Amino acid sequence: VGDPTMAGPLTGVELKLKVFHIFELKDLIDPNVYEEQLGMMEMVLDVDALCEEMENIRKECGC
């Protein structure tokens, strides 16, 4: 739906870009980089629930 701050030039302009949570891209990231940058977050967050919610959001919007 555009710029969520409602203050920029893209206010109200939907770019229709595909959006992914970083956890959905795990297989595409170098394992060492992933562990260094995201390993701790993966241990404290419910990764499956986040990925499921992203899938639900994409289904709702028809993405």
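Could you work out the local net charge near Tyr34, counting Lys and Arg as +1, Asp and Glu as -1, over the other residues with Cβ closer than 9 Å to its Cβ?
Cβ neighbours under 9 Å give a net charge of -3.
Just to confirm the filter: which chymotrypsin sites (Phe, Trp or Tyr not before Pro) across the chain are DSSP coil and have at most 12 other Cβ within 10 angstrom of their Cβ?
Sparse-neighbourhood loop chymotrypsin sites (Phe, Trp or Tyr not before Pro): Phe20.
Principal axis lengths of the range 22-61 from Cα atoms, whole Å, largest first?
Extents along the principal axes: 34, 21, 10 Å.
Just to be sure I follow the definition: excluding the sites themselves, where is the longest run in the chain that has none of the trypsin sites (Lys or Arg not before Pro) in a DSSP loop with at most 10 other Cβ atoms within 10 Å?
19-63
With the dipole of the range 22-61 worked out from charges on the C-beta (+1 for Lys and Arg, -1 for Asp and Glu) around the Cα centre, which of Phe23, Met41, Cys61 lies farthest toward the positive end?
Projecting each Cα onto the dipole axis, the largest value belongs to Cys61.
About its Cα centre, how strong a charge dipole does the chain have in debye, to the nearest 20, once Lys and Arg get +1 and Asp and Glu get -1 at the Cβ?
My answer is approximately 400 debye.
Can you tell me the orientation of helix 47-61 relative to the chain, as the angle in degrees between its alpha-carbon axis and the longest Cα principal axis, to the nearest 10?
Relative to the chain, helix 47-61 is tipped by roughly 20 degrees.
All of the numbers you see were taken from the coordinates with simple rules; none came from a lab. Note that the coordinates shown come from a computational prediction; the quantities given were computed from them, not determined experimentally. So basically every Cβ, Gly included, is an ideal-geometry build from the backbone, and we count neighbours across all protein chains shown.
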